[in-house]
Amino acid sequence: CSKAVGRSILGLISALRVSNYVIAYPVIIKLKQDGFQYASLNVTSLRLFFVRLIGAFMNALGAIALGAPIGAQYLPKTIHWSFLMSVFTFVPATVVFGASLTDWHRVFASMKPSGNIEHMILVPAYGAIIGGWFGAWPMPLDWERPWQEWPICVCYGAIGGYIVGQIVSLCLMLFLRKHKSLKVA
């Protein structure tokens, strides 16, 4: 049963991601026409590998600072959770922004995304973070259920928050597109 649930969650995330890219496709074509250059596949793969490591390390430190259990039995679970959060938060932003600290600050700290692609990065990343935070609420309750262990409910919360973030970013892109077309006409 858990494999089927996992596959359906991955299918939903993939479908939402594809629908977001279909809506943002005209923006990507415009960037290519304006001379925007993508990095080579080898450079991008190497950069993503290091970003996943750095992002996972930062997420693990943040989780431990916020009360994640420390110990030999919990370390692999914390590492797996931190890699999941790194894939949801750091990797998409690095693919688009690279090492541009001004773009990272403008989008994540100032929360001023300027287009569809930046909404596709900002909203799901914050959704995963907020979902993970909400997912941590049932952990201290004394129900003694197996799903209350670290990091199971936090992972479910992060995945749920990421899915909600994908849906919200899709709605934002549709709304902003409709809103922009009304301004032009």
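Remarks
- Calculated from backbone phi, Karplus (6.51, -1.76, 1.60) coupling profile of region 159-170 in Hz, x at Gly/Pro: 5, x, x, 5, 5, 4, x, 5, 5, 5, 5, 4
- When the surface is traced with a 1.4 Å probe over the full set of protein chains, Ser86 keeps roughly 0 Å² accessible.
- With a Förster radius of 25 Å applied to the C-beta separation of Phe50 and Val168, the computed FRET efficiency comes to 0.25.
- Solvent-free Debye scattering, log10 I(q)/I(0), computed from the Cα coordinates of region 59-170 at q = 0.13, 0.17 Å⁻¹: -0.52, -0.82
- Linear extension gain, Trp104 paired with Arg177, 0.36 nm per residue minus alpha-carbon span: 23.9 nm
- On the beta carbon distance between Gln148 and Met111, with R0 = 45 Å, the FRET formula returns roughly 0.90.
The values are calculated or read from the model by the stated rules, or taken from the named source; none is laboratory data. Since this is a predicted model, take the numbers as computed values, not measurements. Neighbour counts are summed over all protein chains in view; Cβ atoms, including those assigned to glycine, are modelled from backbone coordinates with ideal geometry. Heads up: the accessible areas ignore ligands, DNA and RNA and are worked out on the full protein's heavy atoms, side chains in. Shrake-Rupley method; radii C 1.70, N 1.55, O 1.52, S 1.80 Å.
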